[in-house]
Each structure stands twice: as structure tokens, then as C-alpha cells.
Amino acid sequence: MKLLFIGDVIGRIGREGVKSLLPKMIDLYKLDFVVLNGENLAGGFGLTAETVHEMYSAGVDVITSGNHIWDKKVAIKLLEEDARLLRPANYPPGVPGRGSAVYQKNGLSIGVVNLIGRVYMDYYDDPFRGADEELKKIAGDTNLIFVDFHAEATSEKQALGYYLDGRVTALMGTHTHVATADERILEKQTAYITDAGMTGPIDSVIGLNKKEALDRFHTRIPHRFMEVAKGEGILSSVLVEADKETGRARGITRLSSKFTVTTEAPHQHHYQKK
């Protein structure tokens, strides 16, 4: 089976890139399943019902998230009602939504787990124990299990990759918005990459307006980045091929495609396979 994981999608530019390019990628790679990190779908912070359904209409099967999932109040309602939208599993007990689920598509059972890191992040529950707990819930239903680990520290991501090696099909890192070049199959046949990158404007600071980012670094005044950058975009994703019976990964490939968003629709400059 073939699964495509799309890195953090930033604002309208990112959404338009997905809407334009994903249907072509589904046909080109004969994809069975698509997972997308969508915590920044709406203006770079959070998501809405409209932005979530835009992604579903483009061909996305499941949307994962991270620390920005709560930036729009509507997220609580969406998480309670939409089984295809996940938040990190290792939030404290009682938090709305779910951190993992098993989905059925084209005769396949596919598990997706969403976790968040603690190093340089907030005070979340242990992602290692959280992974154990979520795998207990779903491992009996499928061998195809894909993990989105939303974390800052590369060391924490690598450590969880080794911890889950042989227990999941793939671990995809998110959060830093910068794609890493360390995609590989680990010893026990789990596909791994430290960060899948972002889908959004290239001429930016992790997708956001350069001037606002520079002002913050120069002045140290504690204000949030507020504006998604404009201009040429990039869709960053990772293709994982796996044995549908055993769940063991057979291949992992980084993919990227540049595009330009106009008032009409994105125009694809080129499609580059890495």
C-alpha cells in the first residue's frame, strides 16, 4: 500500500497548493491513503470547519495536528464530531477529541496516531508512554500504523523513532516546518523522517511574514507572528510504501513541488522528486 503524508499546511497558500496538486499526486502515485498535518490551515494558526473540509474535498483522508489545534475555538466542536480529525494523544485525560483511530478504505485498515513532544515544548504527558497506550488500542485491528510526531527537538523525534521501530509502519516528524534529509527505513522496517517539512510560502520564516519575524528577533518584544507570507509556495510530503499484510515499510521518498497561487488557482512550476 502507498500512503502520502503532507507536512504542516500553512494558510490559504498551503490549502490552494494541496487542492491543486494532491489530486494529480493521487493519480500519479496510485495512493491508497493521504494524511495531512493541518493545525495551521486557517491563517497560519488553527483550523476551521471550512478549511478542514477543503482538504477532505482535495483527497485528504485524515488530518493530524499539534500545539496550534486550539487556536480557533471551533476546534473543540470539530474534534468531538469529526473522527477524521486528530489531536495529539498525550494531552491530559479529559481533553476533547481523539489521538488515534483506525480507518477503513479500499479494503485496507489503516491506523493513524498523533503525538506531541515535550522538549522545548509545553507540559504534555509522556509521548513514549502515550504511544504505548495508543498502540494498545489499535494494534489488534491493523498492522498498518502511521505516526505523526509533532515535536521541536530532533533528538526526541529520533528517540521515538527507534522506540517504535518494528511496532509501527512509519513515524513522520512535524512542527519545525523545515524538511530534513534523513528519510530512511530503520532496522526493524519502520519508515522514518525527522520532519516532513511544510506546505506553504517559500519566501518566509517557517511560512510566516519575514518582517514580523525579523522584528520579533531584533526587538525581543513578545508578540506572535500574525501574517502568513505571500508568493511562491511549496508542497512538502513523504511517500511511504508498505506491505499491506505485515505493515512493514518497503520504501520512503521525500517529495516536493513548487507552485504559485494566483487569484484564480495555483500554477505548478515543476514537480521535483527527491
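Looking only at residues in segment 56-86 that are among the hydroxyl-bearing types (Ser, Thr, Tyr) and not in a loop (DSSP other than H, G, I, E, B), which one is farthest from residue 6 (Cα to Cα)? Even if it seems obvious, please write down each step before you answer.
Here is the first cut: in segment 56-86, the residues among the hydroxyl-bearing types (Ser, Thr, Tyr) are 56-57, 64-65.
The next check asks that each one be not in a loop (DSSP other than H, G, I, E, B); those that pass are 56-57, 64.
Working: 56: 13, 57: 15, 64: 10 Å.
The selected residue is 57.
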Can you confirm whether segment 138-151 contains a residue that is assigned to a helix (DSSP H, G or I), touching a strand residue (DSSP E or B) at 6+ places or on another chain (Cβ under 9 Å) and touching a residue at least 40 places away in the same chain (Cβ under 8 Å)?
no
Does residue 108 fit the bill of being surrounded by fewer than 17 Cβ atoms within 10 Å (Cβ to Cβ), of a type in the set (A, V, I, L, M, F, W, C) and in contact with a Lys or Arg (Cβ under 7 Å, 6 or more places away or on another chain)?
yes
Pair list, Cβ < 7 Å and 6+ apart or interchain, from segment 78-99 residues that are surrounded by 15 or more Cβ atoms within 10 Å (Cβ to Cβ) to residues that are among the basic types (Lys, Arg) and part of a loop (DSSP other than H, G, I, E, B):
79/87; 86/98; 97/87; 99/87
Search result, residues across segment 234-274 that are touching a Lys or Arg at 6+ places or on another chain (Cβ under 7 Å), at pLDDT below 85 and under 23 Å from residue 175 (Cα atoms):
274
Could you tell me which residue of segment 168-196 is nearest to the chain's Cα centre (by Cα), considering only residues that are closer than 22 Å to residue 118 by Cα, part of a loop (DSSP other than H, G, I, E, B) and modelled with pLDDT of 95 or more?
196
Could you tell me which residue of segment 44-69 is nearest to residue 131 (Cα to Cα), considering only residues that are buried (at least 18 other Cβ atoms within 10 Å of the Cβ) and out of contact with any Leu (no Cβ under 9 Å at 6 or more places or on another chain)?
66
Hey, could you check segment 113-144 for residues that are at pLDDT below 95 and small (Gly, Ala, Ser) and say which is surrounded by the most Cβ atoms within 10 Å (Cβ to Cβ)?
139
Those residues of segment 28-43 which are buried (at least 19 other Cβ atoms within 10 Å of the Cβ), over 20 Å from residue 102 (Cα atoms) and of a type in the set (Gly, Ala, Ser) amount to 42
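In segment 27-55, which residues are among the β-branched types (Val, Ile, Thr) and in a loop (DSSP other than H, G, I, E, B)?
Here is the first cut: in segment 27-55, the residues among the β-branched types (Val, Ile, Thr) are 34-35, 48, 51-52.
Once the filter is applied, which keeps residues that are among the β-branched types (Val, Ile, Thr) and in a loop (DSSP other than H, G, I, E, B), segment 27-55 yields only 48.
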Restricting segment 59-112 to residues that are at pLDDT 95 or above and polar (S, T, N, Q), which is nearest to residue 176 (Cα to Cα)?
65
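The values are calculated or read from the model by the stated rules, or taken from the named source; none is laboratory data. In this text the structure is predicted, and so the values were computed from the model without any measurement. Here Cβ is always computed from backbone atoms with ideal geometry, including for glycine, and neighbour counts include all displayed protein chains.
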